[in-house]
Amino acid sequence: MTEVDVTTAVSDLIAVKHLDEIVWLPASVLTWKERVKKACQVTVQLFKDVKAKLIEVVDENVKITHSALSEKIEKAIPTVGEKLHVR
């Protein structure tokens, strides 16, 4: 099993964002407050999904590598955006 440091990825995920990074929509479509709200909604939903997956892994004593778990999380990001109607 290979140890993977996810510190930077998690730090980037929860770090303060520049307005251009917040949501992938043109400024003319949403105001900055709406973009911040959408970014918060995506982050909250993503954390809920990650929490559910981690609980499943622990409760069922599933063996999973950090890299496999991070791949699942990365694949969930577009799905979360689609659920919340974010491109």
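Kindly provide the set of residues from the stretch 58-81 that are within 13 Å of the chain's Cα centre (by Cα) and at pLDDT 75 or above, ordered by number.
Once the filter is applied, which keeps residues that are within 13 Å of the chain's Cα centre (by Cα) and at pLDDT 75 or above, the stretch 58-81 yields LEU69, SER70, GLU71, LYS72, ILE73, GLU74, LYS75, ALA76, ILE77, PRO78, THR79.
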Single residue of the stretch 4-19 satisfying the filter (within 13 Å of ALA39 (Cβ to Cβ) and part of a loop (DSSP other than H, G, I, E, B)) that is modelled with the highest pLDDT:
ALA15
If you go through the stretch 44-66 one residue at a time, how many are over 16 Å from ILE14 (Cα atoms), surrounded by 11 or more Cβ atoms within 10 Å (Cβ to Cβ) and either in contact with a strand residue (DSSP E or B) (Cβ under 7 Å, 6 or more places away or on another chain) or of a type in the set (S, T, N, Q) (or both)?
1
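The values are calculated or read from the model by the stated rules, or taken from the named source; none is laboratory data. No experiment lies behind these values; they were computed from the predicted model shown. Neighbour counts run over all protein chains shown; Cβ positions are idealised from the backbone, glycine included.
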